[in-house]
Amino acid sequence: MYKDSATELTKQFSQGSLSAQEIMKGYFDRIEKYNPTLGAFLTVYKEKATLQAQKLDEKRKRGEKIGRLAAIPIALKDNMHVKGETTTCASKFLTNFKAPFNATVTELLEQEDAIIIGKTNLDEFAMGSSCENSALQTTKNPWKLTCSPGGSSGGSAAAIAARLCPLALGSDTGGSIRQPASLCGVYGFKPTYGRVSRYGLVAFGSSLDQIGPFANCVQDIALMMEIIGRHSEKDSTSTFKEPDVIVANLNKPIKGMKIGVPWQFLEGLSQEVRHSFDETLKIYKDLGAEIVEVDLSILKYSIAIYYILATAEASTNLSRFDGIRYGNRSTKAVTLDEVYDFSRQEGFGAEVKRRIMLGTFVLSSGYQEAYYRKAQKVRTLVLQKYKEAFSKCDLIATPVTPTAAFEIGSIKDPLEMYLADIYTIGANLGGVPALSIPAGFTADARPIGFQLTGPQMKDALVCQAAFAHELVTDYYKKIPQGFQE
Ligand code: GLN
């Protein structure tokens, strides 16, 4: 059962060959067996989920209409709200915070009879690329337990790779869905900015944040997107467009499609990543796509721009965590100032503090023009360059990361960690959809990803091209050793 996709499982449920309770039990058994080693989940809702499954089985037996995700266990990154449950953001600050309302994605999933089974680990407040910034636990890469699963949505990626659930959500501000998807050998999709409502997602960089799915096949990504990719009144940046038709378009041939490659931007790749990239392009050529060159050299500035804009927005967003409105209050504090100071000192980890300081600096009156405003201007240029590139091609192909998964603890310099985001940040700056697809392995069986980026609102086209690749490869079917029983 755990090898089946969400699409297959929900079909078996609706046909009556598998009950929701059987599905829940199957996955909770796996979580109990493997999560202590893997550390993917922070919380599981076993009792509640089992009860929901029981009700769903009864609903089906009564012959009532059931939803498109009926009986599918789904994990949420722990920066999205499920009413009445904790949203920790993997921070000491929020260990006791209970969500007062549901995120829009939570509501949409439950309307389709999906069952939310728990919350997954992340870098504190989604800041990081390895899950090592989580204040709560370490998550391991199921393909090699001494390696990081990536981040910040590393818990969701690891859970999907180890088949602890068939679908999960993450959030992506600068690559946090695609990078862990790549390092864990699963599909991870960052939709067009505004396609999925951010209501109920704890904000990091509001102009960059986007929720998106992880799965082991493109069909499941497409199914999930048709459900969560819709307008929401509660998010002013949510697009008004009707939900995309993705599933029904997956099978369209990609013959004649133009795939742009920004060759001059592909320096510093490990040999294995480069090899897998070239091989994947070959597959696309064989499928009838035309490979053309595009200029995205502007993206060499993307890390610099991102770490100005994202930290500026984060420093503002995180000001609400003051020990009064949100967050654990310091017991040492006597005066009001001390409540703010001590609560923030004790609550936030080192990386979050670093970003608040950097963000406050680039927004300060003397430096705003030199850093923040300039970065905004270069961001506009990035948008223009994407537009120009997409006038020459339908989709753009790049690697997701310069290397495969790295050992936990091996990257000590925060700047070195930031550089690993070079291929993912562009899509957030441009607001464009991008999907990480499993595209190979290193000699020691660490996964390698391949990234397809589309123009804004062409989410369905990105999925269609990924599906064509999936049909002729089998990387996505592989299950890490040690998680196969
Ligand atoms: N790794 C990037 C960072 O540390 C991206 C994080 C994200 O997408 N949430 O900011």
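Tell me which residues, restricted to region 211-241, are free of Cβ contacts under 8 Å to residues at least 40 places away in the same chain and open to solvent by 80 Å² or more (accessible area, probe 1.4 Å). Result: Glu233, Ser236, Phe240.
The listed residues are Thr424, Thr473, and the only one of them that is surrounded by fewer than 24 Cβ atoms within 10 Å (Cβ to Cβ) and either touching a residue at least 40 places away in the same chain (Cβ under 8 Å) or polar (S, T, N, Q) (or both) turns out to be Thr473. Has region 369-379 got any residue that is over 16 Å from the mean Cα position of the chain (by Cα) and either assigned to a loop (DSSP other than H, G, I, E, B) or within 16 Å of the ligand (Cβ to nearest atom) (or both)? Scanning region 369-379 turns up at least one residue that is over 16 Å from the mean Cα position of the chain (by Cα) and either assigned to a loop (DSSP other than H, G, I, E, B) or within 16 Å of the ligand (Cβ to nearest atom) (or both).
Scanning region 341-383 for residues that are among the hydroxyl-bearing types (Ser, Thr, Tyr) and either touching a strand residue (DSSP E or B) at 6+ places or on another chain (Cβ under 7 Å) or within 30 Å of Thr331 (Cα to Cα) (or both) yields Ser343, Thr360.
Among the residues of region 309-354, write down those that are touching a Gly at 6+ places or on another chain (Cβ under 8 Å) and either within 16 Å of the ligand (Cβ to nearest atom) or of a type in the set (Val, Ile, Thr) (or both). Scanning region 309-354 gives Leu309, Ala310, Thr311, Ala312, Glu313, Ala314, Ser315, Thr316, Asn317, Val339, Glu351.
Which members of region 445-485 meet the condition of being assigned to a loop (DSSP other than H, G, I, E, B) and among the polar types (S, T, N, Q)? Result: Gln456, Thr473, Gln481, Gln484. Has region 242-257 got at least one residue that is within 16 Å of the ligand (Cβ to nearest atom) and free of Cβ contacts under 8 Å to residues at least 60 places away in the same chain? No; the residues of region 242-257 include none that is within 16 Å of the ligand (Cβ to nearest atom) and free of Cβ contacts under 8 Å to residues at least 60 places away in the same chain. Taking the criterion of being among the β-branched types (Val, Ile, Thr) and over 21 Å from Ala157 (Cα atoms), the only residue of region 11-51 that qualifies is Thr50. Count of region 259-300 residues, restricted to those that are of a type outside the set (Phe, Trp, Tyr), under 19 Å from Val472 (Cα atoms) and part of a helix (DSSP H, G or I), is 10.
When residues in region 117-152 are screened for being hydrophobic (A, V, I, L, M, F, W, C), away from the ligand (no atom under 14 Å from the Cβ) and surrounded by 24 or more Cβ atoms within 10 Å (Cβ to Cβ), 2 of them pass.
The values are calculated or read from the model by the stated rules, or taken from the named source; none is laboratory data. This structure is a prediction, so every number in the text was calculated from the model and none was measured. All Cβ positions, glycine included, derive from the backbone under ideal geometry; neighbour counts span all protein chains shown. Surface accessibility is based on the protein's heavy atoms, side chains included, excluding ligands, DNA and RNA. Shrake-Rupley method; radii C 1.70, N 1.55, O 1.52, S 1.80 Å.
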